[in-house]
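Enquirer: For reference, the structure I am asking about is given below.
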Amino acid sequence: MFSLTATPAWCEPVPGSLDVHWNEGASDCKATPQAPVQVHTYEPKTFILRQSPCANFEANFLCLLVGSEKALLIDTGAIADPKAMPLAKTILELLPDKDHKKLPLLVAHTHRHLDHRAGDPQFASLPSVQVVPIDLEGVRAFFGFTDWPNGIAHLDLGGRTVDVIPTPGHNTTHVAFYDSRTGILFSGDFLMPGRLLIEDAAAYRESALRVVEFLKTRPLTHILGGHVELNTAGQAYRFGSHYHPNEHRLELAREDLTALPAAFETFNGFYARHPNYILTNPIHNLVALAIIAVAVLILIVWGVRGSLRRRQRRARAKSSVGSAA
């Protein structure tokens, strides 16, 4: 099922549609009841799901790829409670039957952050479901990586090969999935129309170069990330917002990927803009804000102490004048 050998020759991608208006949430979610998860059929064997922004502000995108022998679910989103987010029920309804049973399912993750794996418990007790571990050693062992982050793993779903590409930088466990059937790269938080949160800039840039090289001669129809955090003007929604009016399209293009390594060359360690994404290091930004806050506090204390000294000097001067009189 898994190998690190060369992939076979690829064919022209199966066409699909992204003609869909994704659930944008609401300014008042209580007054605007919404389905917790939206399902879009890209083509008969490829499904893209979005968790409602009203259900959780992360509004994750998940992907279900169906082969003839098994299916692959990429990420389980930000919500564990099956009553609030009936993810497993929805996925089982989408799976076809094989030998009078549901097609076996493999649940994998782009990375271990909780908003990409919170739904895992919904699948834990289901028959014919396997969940990939979330820790780095577990990821490496499961896919057979012996020289992480080098090498490409291949999942055979039965008539459908999905390549697993190590992409650390946002998180040490991050991987991207390339689907040979559709030519889609499922990029998670590695590349998306939003804030690219950088944990390790050098590793991130190397990952970008690795993916660019991998896709150089392969068809690429779309890059689908894990979130949309920008509007059509390229402005980021407020963190934690449950409402995404005038949302940027989910899909990015090859040009966005090829521009990523160069964006890191000019990245100052804090913040940089690309028309379709933002590079930012939250730890560096927090440290900088903390330093600024401390500096402001020092200036305030220095100003207060100076003011007190001046008052004391004026008080002593008045006292001296009174004594002389």
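The values are calculated or read from the model by the stated rules, or taken from the named source; none is laboratory data. Note that the coordinates shown come from a computational prediction; the quantities given were computed from them, not determined experimentally. We place every Cβ from the backbone using ideal geometry, glycine too, and count neighbours over all the protein chains shown. Areas reflect the complete protein model, heavy atoms only, side chains present, ligands, DNA and RNA absent. Shrake-Rupley method; radii C 1.70, N 1.55, O 1.52, S 1.80 Å.
Enquirer: Quick one: compute the contact order of the chain, relative version, from alpha carbon pairs under 8 angstrom and 6+ residues apart, as a percent.
Expert: Relative contact order of the chain: 15 percent.
Enquirer: Additional query: Would you mind classifying the chain by shape? Square roots of the alpha carbon gyration tensor eigenvalues, ordered a ≥ b ≥ c; an a/c under 1.5 is rounded, otherwise it is prolate if a/b is larger than b/c and oblate if not.
Expert: prolate
Enquirer: At a 1.4 Å probe radius, carbon and sulfur cover how many percent of the accessible area of segment 1-137?
Expert: Result for segment 1-137: 56 percent of the exposed heavy-atom area is carbon or sulfur.
Enquirer: Scan the chain and note any complete DSSP helix (H) whose C-alpha atoms cover at least 20 Å along its axis and whose Kyte-Doolittle average is 0.5 or more.
Expert: 201-215, 282-324
Enquirer: Less than 21 Å apart at the alpha-carbon level, and either on another chain or at least 8 residues along: which lysines does that give for residue 70?
Expert: Output for residue 70: 45, 89, 98, 101, 102.
Enquirer: Can you give the accessible area of residue 243 in Å² (nearest 10), computed on protein heavy atoms with a 1.4 Å probe?
Expert: Looks like 80 Å² after rounding.
Enquirer: Distance between the C-alpha centers of segment 225-278 and segment 114-129? Whole Å please.
Expert: So the separation of the two Cα centres works out to 29 Å.
Enquirer: Amide H to amide H, which residues 5 or more places from residue 119 or on other chains are under 5 Å from it, using H placed in the peptide plane?
Expert: Residues meeting the amide H criterion: 76, 77, 79.
Enquirer: Share of segment 150-223's accessible area from carbon and sulfur, percent, 1.4 Å?
Expert: Answer for segment 150-223 is 52 percent, counting heavy atoms of protein chains only.
Enquirer: Still on this structure, I have one more. How many Å² of accessible area per residue for the chain, probe 1.4 Å?
Expert: For the chain, the solvent-accessible area averages 48 Å² per residue.
Enquirer: Within straight cross-link reach of residue 83, meaning Cα distance under 20 Å, which aspartates and glutamates are found once same-chain residues fewer than 8 apart are removed?
Expert: Counting by Cα, and skipping residues close in sequence, residue 83 has these aspartates and glutamates nearby: 58, 75, 93, 115, 120.
Enquirer: If a/c stays under 1.5 just call it rounded; otherwise compare a/b with b/c (prolate if a/b is bigger, oblate if not). Do that for segment 192-275, with a ≥ b ≥ c from the square roots of the Cα gyration tensor eigenvalues.
Expert: oblate
Enquirer: Rounded, prolate or oblate: which fits segment 62-160, taking a ≥ b ≥ c as square roots of the Cα gyration tensor eigenvalues, rounded meaning a/c under 1.5, else prolate when a/b beats b/c?
Expert: oblate
Enquirer: What range in the chain is the longest one free of trypsin sites (Lys or Arg not before Pro) that are in a loop by DSSP and have at most 11 other Cβ atoms within 10 angstrom?
Expert: Maximal segment without exposed cleavage sites: 84-215.
Enquirer: Which order do 187, 128 take by accessible area at a 1.4 Å probe, largest first?
Expert: 128, 187
Enquirer: Quick one: Cα centre-to-centre distance for segment 59-88 and segment 133-153, in angstrom?
Expert: Using only Cα atoms, the two centres lie 21 Å from each other.
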